[in-house]
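To start, the structure itself, in structure tokens.
Any read-out appearing in this document is the output of simple, stated calculations on the displayed coordinates, not a laboratory observation. What you see is a predicted model; the values in this text were computed from it and never measured. Cβ placement follows ideal geometry from the backbone for every residue including glycine, while neighbour counts extend to all protein chains displayed.
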């Protein structure tokens, strides 16, 4: 959902219907909607959660205990599957819930529609951005009249363009990924989180000869479990895992404990976890007026567990940090503090030379 105008229209209708809160596990596709909720000054209030299943269950709980429609949001595709459990609970209880999905790529509703049709009473797709207010009204009214969940899919691409990023030199996450990948020797492996901007970039990742890319094709939080499994299967194999902070929060912080537990048995200590820290709890789009507010010290947590932890917030330090990470005598978490422009999905497509109006091959 790349059009801020659509996001503003959706928030305006939620306010008109007196929706008090929106519960969400956001990603790149729903970043404009989250920014619009913040810009509205907390009316409706956005309540971020770490997992989509919690968002749907909280929306169902809101409908039961507070009355009115409970609203939850998530990126579409694999990220949205976690909503289904909570939506099914709302269906069985007859609770009015609206699930808002942000399409991750054009025509993504062709996948999301069938997934949600069996659980939701109606699935609507905002094919024409100008009809967004009308379709939000229709979805909320349907939920209230009939009880049970309904689903609204917001478009991935629209005519409006985001404002360019602000001045200054920010860390380029894609250049950092490329730099780290080139440090892997033949026989090494790369795992990349599923869903969102990172997974989109990984489709075009160029790796040295003999290096295997293990794409997870799942929800955020899958790269580190894949990397740990690869390391346990072959402890002498160097492994790089690439995770955005929504994936790190989903499971990575806990799974670092498993890395610390097993590392002593590895003849080659090279397990490098690259974490892209947006410092806001959700991916932000270029031009966002809202400052980062939620900065988790990922590198510090790694050091507490006895691992190497490196935090980088300046581009000139990326090369040296990569060398230190792969030269460490223990697994290393390399935390990159990145700006909203760096995580902009449209910017990723420009970086790899892909037309943003079509989905990557």
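Some observations on this one:
- As a rough guide to protection, the peptides 242-251, 329-338 ranked by mean Cβ packing within 10 Å, highest first, stand as 242-251, 329-338.
- Cα gyration tensor shape for region 39-149, rounded if a/c is under 1.5, else prolate or oblate: rounded
- For region 4-154, the relative contact order is 24 percent, taking Cα pairs closer than 8 Å that sit 6 or more residues apart in sequence and dividing their mean separation by the residue count.
- In this label model, residue 233 and residue 8 are separated by 5.0 nm, measuring between points 7 Å along each Cα→Cβ vector.
- Full extension of the chain between residue 16 and residue 144 gives 44.6 nm of extra length, using 0.36 nm per residue less the Cα-Cα distance.
- Tensor-based shape of region 294-333 (alpha-carbon gyration tensor, a/c under 1.5 rounded, otherwise prolate or oblate): oblate
- Exposure proxy for 142, 74: other Cβ atoms within 10 Å of each Cβ, ordered fewest to most, give 142, 74.
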